[in-house]
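Below: one structure, written as structure tokens.
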Amino acid sequence: MIRRSSGRKLNKFRVLFKIKPKHGLIYKYMIDHDLSLKEMSFITGIGKATLLKILHFKWIPNKNRYNSAKTISKLEKFFNESIDSIIPPALAGHISSSKEIRKLFQETHIVEKIVDVNCISLEEIKQIGYTQEYDKLFILNKITDLLKTLHPREEKVINMHFGLCGEEEQTLKEIGEKFNVTTKCARQILAKGLCKLRGPARRNRLEEII
């Protein structure tokens, strides 16, 4: 958003930037190699939803969880560095324990800057441009909030089956094995959760997101 500054010179403008911190190592690699999120996901073997969460500090490595351990292994292999170098334990600990730090790293912030349009470089103009990644994250966050209104087991099964909220996309058979239930039972849990999403209140929220 650009607003004319109250200063005397008409070529001065106040520019409001929407910014969100991104994981330096991963984001720099994407920029240096001109990769989209989908392309980065493909070459690392990490799901797009999980990669997006890592980029925006919403994923904390946990070697004791199967899916997390798989993602850790893929990150270490791709960057040829230990997970402690990629995501320092101190940083992960601060994000987990401090609401203020978590807010600082995970939320979008507005930064104001006064620029002279006669002197602004082409690189700066590109940075002011619109980015689709912000919209994708906004939609993902809205869907996550909506799924939290379901029964926890229904929410978990939907996330696992469709690969949302950092989960790897899994079959109903795989989900059933993890919940220690039959494939048929896993399918029923999924169907019940999706049925609730089709209810008037939740359907209206979904339509607003779309």
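Since every read-out is calculated from the coordinates, none of them should be taken as a lab result. Quantities reported herein were computed from a predicted structural model and do not represent experimental measurements. Cβ: placed from backbone, ideal geometry, glycine included. Neighbour counts: every protein chain shown.
State whether the stretch 133-209 is rounded, prolate or oblate according to the following rule on the C-alpha gyration tensor (a ≥ b ≥ c being the square roots of its eigenvalues): a/c under 1.5 gives rounded; otherwise a/b larger than b/c gives prolate, and the remaining case gives oblate.
Oblate.
Of LYS63/LYS99; LYS38/LYS142; LYS113/LYS148; LYS38/LYS148; LYS74/LYS113, which ones are farther than 32 Å apart at the Cα? Don't skip to the end; give the middle numbers.
On the way: LYS63/LYS99 23 Å; LYS38/LYS142 20 Å; LYS113/LYS148 37 Å; LYS38/LYS148 26 Å; LYS74/LYS113 39 Å.
Among LYS63/LYS99; LYS38/LYS142; LYS113/LYS148; LYS38/LYS148; LYS74/LYS113, the Cα-Cα distance tops 32 Å for LYS113/LYS148; LYS74/LYS113.
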In the structure shown, of LYS20/LYS53; LYS53/LYS184; LYS18/LYS77, the pairs separated by more than 22 angstrom at the C-alpha atoms are LYS53/LYS184; LYS18/LYS77
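Taking the Cα centre of the stretch 133-209 as origin, work out the dipole magnitude from +1 charges on Lys and Arg Cβ and -1 charges on Asp and Glu Cβ, in debye rounded to 20.
On the way: 15 positive and 12 negative charges, 103 e Å.
In total the dipole reaches around 500 debye.
Sort 40-49, 91-100 for me by packing, meaning the mean count of neighbouring Cβ atoms within 10 Å per residue, highest on top.
Packing proxy ranking, top to bottom: 40-49, 91-100.
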In order over the stretch 49-55: 3J(HN,Hα) from phi, Karplus 6.51/-1.76/1.60, θ = phi - 60°, whole Hz, x for each Gly or Pro, gives 4, 5, 4, 5, 5, 5, 4
From the Cα centre of the stretch 167-184 to that of the stretch 59-99, the distance in Å is 25 Å
When the charge dipole of the stretch 133-209 is computed with +1 at the Cβ of Lys and Arg and -1 at the Cβ of Asp and Glu, the Cα pointing farthest to the positive end, of ILE175, GLY193, VAL157, is that of GLY193
